[in-house]
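Notes for the one structure printed next.
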Amino acid sequence: MRFKKILISFLILGLLTGSFGVGFFLGYQKKYCPVCKPEEIDFSLFWEAYHKLKENFYDKAKIDPQKILYGAISGMAKSSEDPYTNFFDPKQAKMFEEDVRGYFEGVGMEIGIKKGKLQVIAPLEGTPAQRAGIKAGDLILKIDDKDTTDMSVEEAAMLIRGKKGTKVKLTIFREDWKEPKEIELTRDVIQIPSLKFEQKDGIFYIKIYQFSEKLADDFRKIALEISKEKTKKIILDLRNNPGGILDIAVNVAGYFLNMGKLVVIEDYGEGKKVEHKSPGPGILKDAKIVVLINKGSASASEILASALRENLGAILVGEKTFGKGSVQKMEKLSDGSFLKITVAKWLTPKGNQISEIGVTPDVEVKETEEKDLPLEKAIEILKSF
């Protein structure tokens, strides 16, 4: 299956970030100006600044036209004031693609910007971040000695990511702490599993770690196995699942929903909307389903949880989700770099917005260090059927 690269994830750490040079502007003016009136943007000011910098800066050896090019493009993306619209130079682009495949070197956590602050969306299973006690919702105040105020996700990711065996120090603040703490992590090779599957006492437990390309085939095998059972009771654990690829989320929904059922709506504004519907086969449509969510559940997780609740009456248990309900499209540029651009907002099948709001559970159960109370509640609910 060919998956379109419309991504709905944050950046997994390791991760990724990045100025306008002669090549870009000449190329832009000659190749791209048919879609942009020249009078809309006067680039003469840029050239004026560029030449003054080049002529007057004391250490001309440090004036790197390529770096200026990438920095300017990055600044253009940041001017949108959207935390998920970003520029990736070729090196960063390669790192991002590694993340989507689920293999990279780093500390293994998802980060994002919420209310203007850099925070952990979710530590990933079996990674240095999880072993160090990093939790969803932790604020990252410093990376080594660099303050993260006004730092983009990509800039933070480049500082945190690194070769296996090297160390990075994070200054973390948690809402129930009186003061920040420094946590040192040793980077490692991160391989994200697609899912975890268990069966006990007639209940099937499926933990989805991320909506990566590998998940499609793995979930198909499990769905076929469960479909053979006469009674189907499923716990779908989406806690600390920060997102992934849109097509994968729709594909997974297809095993629960008959072909044609609405999974999610892309709202592009100005009245333009695109509906993503279930491809089927709906072989688990008769299952009793409880979905576990928390504040580390984002984008694709929020989409799938909402689709199952609004179409099948699945019961959501846990805590309110992160609220990352926008879609980013990857636009590859000629040198291998690309722009990640927010092109739409997500709406649930019933038209509810996810972005900045999140998904509220039907049964709120907070997690504790001692017991997995949300999981216990899910089992209790399914045993009552």
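The values are calculated or read from the model by the stated rules, or taken from the named source; none is laboratory data. It should be emphasised that the depicted structure is a prediction, and the values quoted were computed from it without experimental measurement. Here the Cβ is made from the backbone with ideal geometry for all residues, glycine too, and neighbour counts use every protein chain on show.
Some notes on this structure:
- Failed item in (1) crowded, with 19+ Cβ neighbours inside 10 Å; (2) part of a loop (DSSP other than H, G, I, E, B); (3) of a type in the set (Asp, Glu), with Asp247 passing the rest: (2)
- Pair list, Cβ under 7 Å, 6 or more apart: region 174-191 residue exposed (fewer than 15 other Cβ atoms within 10 Å of the Cβ), other residue part of a strand (DSSP E or B) and of a type in the set (A, V, I, L, M, F, W, C): Lys181/Ile172
- Complete set of residues in region 52-84 that are under 27 Å from the mean Cα position of the chain (by Cα) and aromatic (Phe, Trp, Tyr): Tyr70, Tyr84
- Residue in region 193-200 that is aromatic (Phe, Trp, Tyr) and either more than 19 Å from Gln119 (Cα to Cα) or outside any strand (DSSP E or B) (or both) present: yes
- Residue, surrounded by the fewest Cβ atoms within 10 Å (Cβ to Cβ), within region 356-385, restricted to residues that are of a type in the set (S, T, N, Q) and modelled with pLDDT of 90 or more: Ser384
- Qualifying residues in region 148-162 (those that are in a helix (DSSP H, G or I) and closer than 12 Å to Val107 by Cα) - the one modelled with the lowest pLDDT: Met158
- Qualifying residue in region 256-275 (condition: crowded, with 24+ Cβ neighbours inside 10 Å and modelled with pLDDT under 95): no
- Listed by first and then second residue, the pairs with beta-carbon distance under 7 Å, at least 6 apart or on different chains, first residue in region 312-335 and over 15 Å from Ser299 (Cβ atoms) and in a loop (DSSP other than H, G, I, E, B), second modelled with pLDDT under 90 and of a type outside the set (A, V, I, L, M, F, W, C), are Asp335/Pro90.
- Considered as a group, the residues in region 263-282 that are out of contact with any helix residue (DSSP H, G or I) (no Cβ under 6 Å at 6 or more places or on another chain) and hydrophobic (A, V, I, L, M, F, W, C) include one that is nearest to Ser306 (Cα to Cα), and that residue is Ile265.
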